[in-house]
Amino acid sequence: MPKKRKHKSSPVRFNSRWVWGVAITAILGAVAMAVMVINSSEQKLPPRFGLGGVTYCQVVPEFALEMGYTVSAIMSTNEREKGLVIYDRPTELAQPPTHVYKHPSWDQAGYLGTPVNDKFGNIYVAPAPRVNLYDNPPEQQNTVYKVDTNSGEMAEFIKLPSAAPFSPENPFGILGLAYDCDTNSLYVTSISGSDRAKEVGIIYQIDPDSGEIVSQLKNIDAFGVGVFNRTLGKRLYFGLARESEVWSVALDNDGRIKGKPRFEFSMVGWGADGDDKARRIIFRKSDEMIVRGSLFNFNLLAGSERQQTDYPLRYDPVQDIWLPLN
Amino acid sequence: MFKNLFYRTYSQNNRNVKVIRKIFRVLNFVILILIITACNTAPGGSATATSTPLGAVAPRATLDPKQYSLPALEAQATLVQAVLGQPIPILLLIGLDSPRALAQDIAVRDPGFQGDLWDPSTGAPLRNEIFGVYPLRESDYTEATARCADTQCYRVEMYNYAKNLTTIGMISLNDRALLAVTKIPDAQPDIPPYLTDLAVQIASQSPEVAAALGYVPESDQAVMANTKTALNRTRCQRSRHLCVAPTFVVRERALWAIVDLTDGVLVGVRWTDVGASGGQVITERSLQDDVVTQSFCEKTTSLERGDWRMDFILTSSDGLRLSNVHFKDRLVLDSAKLVDWHVSYSATEAFGYSDAIGCPVFSQAAVVAFQGPVVEDLIEDDQIVGFVLEQEFWGEQWPLPCSYYYEQLFEFYNDGSFRVVAGNVGRGCGNNGTYRPVLRLAFANQNAFATWDGGDWQDWLTEQWQLQTEGDQTPEGYQYRILDSGGLGYYIEPGNGQFGDGGRGDNAYIYVTRYHDGRDEGDMDMITIGPCCNTDHQQGPERFIDSESINGTGLVLWYVAQMQNDDTPGGEYCWADSALDGGVYVAKEYPCFAGPLFVPISNP
């Protein structure tokens with residue numbers, strides 16, 4: 001009898017347990033769905049944004065126009081010249097540059113990486129050590145500099161926080177810059193503080209007007225970076241500094257970094273060496289990506305040793321993937 | 001209501017309850033997986049620990065024929081030499097059927113196919129070989145080969161070992177003509193079967209493979225051998241040679257043996273987990289970098305030989321760093337390393353580089369170690385008089401212009417003397433370069449430093465520097481002396497071309513600074529200490545000279561030699577060039593060495 005009574009009473013306890021189970025399950029499901037929705041959600045591209053690259057508004061600095069430079073002028077940060085120089089594009093191949101100009105403030109940050117312009121003609125640039133840190137001290141490596149479009153003066157724009165102190169294992173800070181004309185956003189990839197054991201790099205979205213960090217993606221060592229508009233929404237594409245891979249992350253229509261990164265394609269086996277990293281990502285036309293690959297192993301490299309290869313890819317809007325053209 | 005519905009459903013039937021319970025268990029599991037997946041941080045992350053052993057980098061030398069007999073390798077070398085003497089220096093593929101043989105014949109005789117058979121400057125033959133002749137594939141059809149849709153066409157693939165270049169000729173047998181030629185730099189066609197066999201033999205006979213496996217394998221134990229490196233995601237990026245990777249599978253692990261078929265040598269071996277190498281790239285560079293990093297950058301190695309014992313480690317930017325150097329239980333050096341190489345090409349333009357040497361990845365070095373250090377006997381008059389610990393550092397493109405090759409040598413002699421040496425093997429960016437290696441030696445114990453004034457030893461009481469050529473030397477060639485209170489120490493003999501290594505004199509700047517326990521003045525890994533192109537004593541160590549007393553204190557000796565390169569034929573120095581040997585380009589080395597000898601005043 002007691003067993004029977006016990007048996008009779010069991011559905012009550014059972015039901016109670018299952019109610020809790022259902023509730024917990026529902027909560028967990030809701031959390032999972034929310035996380036997945038956040039991770040996979042993209043804001044559909046509004047009509048005011050065109051498809052493809054987002055650098056259409058970039059213009060030549062005002063000071064350069066006043067000095068007689070045209071839209072074909074080159075802002076260069078080359079191997080032998082410390083800092084930034086501007087010159088007219090030679091009319092013939094192998095001719096030396098003409099009309100070369102360098103503002104006195106342009107070598108204060110040592111050797112520099114590739115510059116980007118904004119819609120006003122301001123230039124943003126970051127230090128990029130070549131074969132040593134003599135001209136590129138570690139404390140400067142995570143700073144973005146701005147060349148004012150009117151005065152041509154270079155000054156510190158924003159000193160980005162580093163997730164960890166400088167390590168002798170990593171002489172680099174900022175690796176990539178990109179500008180989005182749609183949202184007036186500057187994107188910066190930094191691997192400052194990363195070392196062999198820990199990956200603490202950060203991708204920043206910065207407001208060029210205020211110099212404030214708007215959004216960021218942490219714990220990722222990213223290299224070249226660029227924004228591309230698809231009908232499904234904006235995405236920030238970036239090469240990994242540790243792997244021969246390109247990933248992307250969704251941006252909302254204000255340029256904020258949203259959700260979790262997704263793998264786009266591997267570059268393993270591409271080019272002569274087969275282990276290039278994506279040091280630059282450039283979008284041309286409405287469906288073409290150029291990935292500029294080169295050797296990168298978190299150590300310094302002479303310009304003469306750096307072999308660069310451009311890899312063209314085409315966007316397939318049906319599958320939402322990039323396909324190598326070669 | 002929602003709750004009641006479920007209550008009713010569950011209470012109706014126990015069987016149903018069990019089924020639904022199972023469904024919910026599965027659902028919970030699925031949701032858990034979803035959460036884990038959703039929260040997973042995508043790229044990056046730390047590497048998982050594995051017990052799989054690493055591998056080894058083989059010393060770059062041809063197999064010793066006395067120890068390992070490789071008739072196939074010798075036969076191939078003989079054949080290559082014979083082909084290089086022919087009017088058309090192309091090693092042909094044999095055993096082809098008639099159409100393929102005809103296609104090969106048409107290709108090799110066509111001037112359009114012969115574009116890279118000879119060195120353009122000397123006209124000397126380059127090593128070329130037909131690797132394959134295949135029927136044209138649909139994917140090969142272009143405007144030039146459109147007619148091949150209706151005719152018999154073949155694709156003839158030739159590899160140029162000297163240029164690491166693939167030439168592909170499209171042949172129409174009906175027209176008996178070469179329709180098109182494609183050249184692909186830094187690419188290798190699929191290798192023919194005999195090269196597969198050769199690669200397997202080299203791998204099977206290599207001591208590194210036997211050491212890794214624990215036995216000498218049979219050739220048929222290798223798999224994936226004819227998967228050429230490009231297709232197998234395996235390449236020799238640094239040597240730019242033809243490489244393949246015979247692989248030996250042992251239970252759940254695979255041993256990749258990367259074989260360089262251009263030189264006929266083993267590059268090294270690397271273990272991987274079978275099935276886990278989907279995204280793993282095993283190449284010459286990854287193999288070398290992994291082995292050097294894990295074996296010499298991440299840990300200190302102890303060395304004991306004769307009366308000497310010491311520790312060493314590869315640094316981020318200061319080369320090979322020795323520490324705790326003892327002779328007969330007496331601590332001689334706290335540490336010794338090479339901080340910078342300053343290379344200047346023109347005093348007027350101040351063009352040059354400050355190069356750091358060190359670990360191949362995650363370092364501040366621009367010229368890096370591809371292999372770990374080696375220890376060899378020092379032999380004089382057929383007698384072993386000591387040993388040398390040697391570490392080399394290369395630029396990826398050496399010996400091409402603007403690429404560098406540096407060496408560090410630590411010579412230890414049985415009599416207690418030792419020499420710290422910096423070496424350069426070119427090639428650099430010009431023939432007017434001056435190399436200034438910055439050596440740093442932290443001496444153990446409390447010492448006094450003195451210089452010979454022509455008649456007696458004069459102590460340096462405070463931190464200072466001197467140019468070697470501005471001082472005198474004893475009849476024995478000693479210019480400086482470092483001595484502790486117990487009368488033990490060393491005479492210092494700078495390089496004056498007397499060491500028999502081709503050195504032309506160091507013309508060094510010598511700096512002595514005080515060692516500080518609480519203040520780092522170069523004891524830790526140093527970022528670049530000085531600019532490339534100062535031609536005076538301002539090479540970096542002078543920043544630590546601030547008139548502190550150095551009499552009876554811990555001392556740091558900085559030694560900055562100055563070596564001018566020379567490309568004059570017959571007089572090359574600190575130089576490198578490329579020359580043809582066996583139809584491939586090899587480096588011709590003209591090293592220069594500098595560094596002081598330390599001779600014990602009295603042994604402990």
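Identify, please: which residue in the range B:443-469 is assigned to a loop (DSSP other than H, G, I, E, B) and touching a residue at least 40 places away in the same chain (Cβ under 8 Å) and is, among those, surrounded by the most Cβ atoms within 10 Å (Cβ to Cβ)? Filtering the range B:443-469 for residues that are assigned to a loop (DSSP other than H, G, I, E, B) and touching a residue at least 40 places away in the same chain (Cβ under 8 Å), the one surrounded by the most Cβ atoms within 10 Å (Cβ to Cβ) comes out as B:463.
Every residue in the range B:506-537 that is out of contact with any strand residue (DSSP E or B) (no Cβ under 8 Å at 6 or more places or on another chain) and closer than 26 Å to residue B:573 by Cα, please. Listed by number, the list holds a single entry, B:536. With respect to residue B:148, determine if the residue is on the phi < 0 side of the Ramachandran plot and at pLDDT below 95. Yes, satisfied. Has the range A:223-237 got at least one residue that is within 14 Å of chain B (Cβ to nearest Cβ), assigned to a loop (DSSP other than H, G, I, E, B), touching a Ser or Thr at 6+ places or on another chain (Cβ under 8 Å) and under 30 Å from residue B:286 (Cβ atoms)? For the range A:223-237, residues within 14 Å of chain B (Cβ to nearest Cβ), assigned to a loop (DSSP other than H, G, I, E, B), touching a Ser or Thr at 6+ places or on another chain (Cβ under 8 Å) and under 30 Å from residue B:286 (Cβ atoms): absent. Considering only residues that are within 14 Å of chain B (Cβ to nearest Cβ) and not in a helix (DSSP H, G or I), look in the range A:133-156 and name the one that is nearest to residue A:207 (Cα to Cα). Among those that are within 14 Å of chain B (Cβ to nearest Cβ) and not in a helix (DSSP H, G or I), it is A:141. Only one entry in A:199, A:139 is at pLDDT 95 or above and open to solvent by 20 Å² or more (accessible area, probe 1.4 Å), namely A:199. Looking only at residues that are open to solvent by less than 20 Å² (accessible area, probe 1.4 Å) and touching a residue at least 40 places away in the same chain (Cβ under 8 Å) in the range A:289-298, which one is nearest to the other protein chains (Cβ to nearest Cβ)? Looking at the filtered set, the residue picked out is A:298.
Counting just the residues of the range A:157-185 that are of a type in the set (D, E, K, R) and in contact (Cβ under 8 Å) with a residue 24 or more places away in the chain, which one comes out nearest to the other protein chains (Cβ to nearest Cβ)? Out of the qualifying residues, it is A:169.
When we screen A:175, A:133 for residues that are crowded, with 20+ Cβ neighbours inside 10 Å and at pLDDT 95 or above, the only hit is A:175.
Put simply, of B:517, B:577 the only residue that is away from every other protein chain (no Cβ under 14 Å), open to solvent by 40 Å² or more (accessible area, probe 1.4 Å) and within 32 Å of the chain's Cα centre (by Cα) is B:577.
Among residues of the range B:285-303 being within 13 Å of chain A (Cβ to nearest Cβ) and open to solvent by 80 Å² or more (accessible area, probe 1.4 Å), the one that is farthest from the chain's Cα centre (by Cα) is B:299. In this structure, residue B:344 does satisfy being in contact (Cβ under 8 Å) with a residue 60 or more places away in the chain, open to solvent by less than 40 Å² (accessible area, probe 1.4 Å) and within 14 Å of chain A (Cβ to nearest Cβ). Residues in the range A:15-50 that are touching a Lys or Arg at 6+ places or on another chain (Cβ under 8 Å), of a type outside the set (S, T, N, Q) and at pLDDT 80 or above: A:42, A:45, A:49.
Taken over the range B:532-554, residues that are crowded, with 20+ Cβ neighbours inside 10 Å and on the phi > 0 side of the Ramachandran plot amount to 1.
The criterion of being in contact (Cβ under 8 Å) with a residue 24 or more places away in the chain, surrounded by fewer than 17 Cβ atoms within 10 Å (Cβ to Cβ) and aliphatic (A, V, I, L, M) does not hold for residue B:338.
Among B:403, B:417, which is the only one that is under 22 Å from residue B:559 (Cα atoms) and touching a strand residue (DSSP E or B) at 6+ places or on another chain (Cβ under 8 Å)? Being under 22 Å from residue B:559 (Cα atoms) and touching a strand residue (DSSP E or B) at 6+ places or on another chain (Cβ under 8 Å) holds for just one of B:403, B:417, which is B:417. Of all residues in the range B:126-136, none are modelled with pLDDT of 95 or more, in contact with a Leu (Cβ under 7 Å, 6 or more places away or on another chain), more than 30 Å from residue B:218 (Cα to Cα) and surrounded by fewer than 20 Cβ atoms within 10 Å (Cβ to Cβ). Filtered by the rule that a residue be hydrophobic (A, V, I, L, M, F, W, C) and open to solvent by 20 Å² or more (accessible area, probe 1.4 Å), the range A:302-326 gives A:318, A:321, A:323, A:325. The residue of the range A:274-286 that is farthest from the other protein chains (Cβ to nearest Cβ), among those that are at pLDDT below 95 and open to solvent by 20 Å² or more (accessible area, probe 1.4 Å), is A:286. Taking the range B:150-206 only, how many residues are within 14 Å of another protein chain (Cβ to nearest Cβ), in a loop (DSSP other than H, G, I, E, B) and among the charged types (D, E, K, R)? Within the range B:150-206, residues that are within 14 Å of another protein chain (Cβ to nearest Cβ), in a loop (DSSP other than H, G, I, E, B) and among the charged types (D, E, K, R) number 2. Looking across A:91, A:114, one residue alone is open to solvent by 80 Å² or more (accessible area, probe 1.4 Å), β-branched (Val, Ile, Thr) and more than 14 Å from chain B (Cβ to nearest Cβ). It is A:91.
The values are calculated or read from the model by the stated rules, or taken from the named source; none is laboratory data. Note that the structure is predicted; figures quoted are calculated from it, not measured. Don't worry about glycine lacking a Cβ; one is built from the backbone with ideal geometry, like all the others, and counts go over all protein chains shown. For the accessible areas, the whole protein counts, side chains as well, though only heavy atoms, and no ligand, DNA or RNA atoms are used. Shrake-Rupley method; radii C 1.70, N 1.55, O 1.52, S 1.80 Å.
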